[in-house]
Amino acid sequence: MAGWGDGLVDHQAGYRLSDIRADGGRAGRVRFELESGQADIAELTSWYWSADLRYFERAVARPMGDGAWEATFPDSPGGPGHLVVAFDSGDEEIGDLVLGSDLVAPQGKRRPSEARVSDGDVQKVGGYDVTLSGDLLLAQPSTLTLSVASAGKQVRYAEAEIAAVSIASGAFARFEAGPDGTFSGTPSSPGRFRVVVDVVIADQQLHAVFERAAFG
């Protein structure tokens, strides 16, 4: 399951995202709590984007000693934004949960460069061609195919994450990895989506951004 929920609400299925704030006054370090009777969640994946979607980054959140979680994002501009977390609830009927909440962080010391967005299928990143093909179908399982090439030759990647957010509504969709470089997810809103691909090749991280329209 790619995730139950679209990140527009901060609570569902007995879990609640609370006390969300920039930690230590740093725009790129976000602290939050996950309220629940279950305390056996080992890891949370999180995404944080600015209100204008010029910034969209992913980070793995780590548990702190006081019961809170912390996620550190690169070069965050601060200001109005939105935080989404995804995790395995441990419940077979529920599966993965996606919670989200707005966040206002202090302005960063330096403004990051604006994300380059590809309106086509290919984006060049760090000497690689990152290709994302496939369509987004509204409220239906959608399959995207990811491939990476260098100098015209396909390159094997160690891991990859694909997520998307609706430009109009802020609805979030996470895509679950399948066979042969495919990723499946279900957009819940019509219109254009910002699709973010994070790929790890050896020790190098590639961050590619695309736009797709959900239709159907």
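The values are calculated or read from the model by the stated rules, or taken from the named source; none is laboratory data. As the structure is a computational prediction, the values presented were derived from the model and not from experiment. Methodologically, a virtual Cβ is constructed for each residue, glycine included, from the backbone with ideal geometry; neighbour enumeration extends over all protein chains shown. These area figures cover heavy atoms from the full protein model, side chains too; ligands, DNA and RNA do not enter into them. Shrake-Rupley method; radii C 1.70, N 1.55, O 1.52, S 1.80 Å.
Could you say whether any residue in segment 28-39 is crowded, with 21+ Cβ neighbours inside 10 Å, at positive phi, under 15 Å from the mean Cα position of the chain (by Cα) and in contact (Cβ under 8 Å) with a residue 40 or more places away in the chain? Spell out how you get there, then give the answer.
Taking segment 28-39 as the starting set, the residues that turn out to be crowded, with 21+ Cβ neighbours inside 10 Å are 28, 30, 32, 34.
Cutting the leftovers down to at positive phi gives us none.
Within segment 28-39, none of the residues are crowded, with 21+ Cβ neighbours inside 10 Å, at positive phi, under 15 Å from the mean Cα position of the chain (by Cα) and in contact (Cβ under 8 Å) with a residue 40 or more places away in the chain.
Select from segment 63-87 the residues that are acidic (D, E) and at pLDDT below 85 and write down the one among them that is nearest to the chain's Cα centre (by Cα).
So the first thing to find is which residues in segment 63-87 are acidic (D, E), and the list is 66, 70, 75.
So of that shortlist, the ones also at pLDDT below 85 come out as 66, 75.
On the way: D66: 25, D75: 16 Å.
By that ranking, first place goes to D75.
Going by what's in this entry, would D91 be described as open to solvent by 50 Å² or more (accessible area, probe 1.4 Å) and at pLDDT below 90? It is true that D91 is open to solvent by 50 Å² or more (accessible area, probe 1.4 Å) and at pLDDT below 90. Please enumerate the residues belonging to segment 125-145 that are touching a Lys or Arg at 6+ places or on another chain (Cβ under 9 Å) and over 28 Å from D10 (Cα atoms). V125, V130, L132, G134, D135 - these are the residues of segment 125-145 that are touching a Lys or Arg at 6+ places or on another chain (Cβ under 9 Å) and over 28 Å from D10 (Cα atoms). Residue count for segment 124-136, restricted to those that are under 20 Å from D180 (Cα atoms) and within 19 Å of the chain's Cα centre (by Cα): 7. Does D75 fit the bill of being charged (D, E, K, R) and closer than 25 Å to S169 by Cα? So D75 passes the test.
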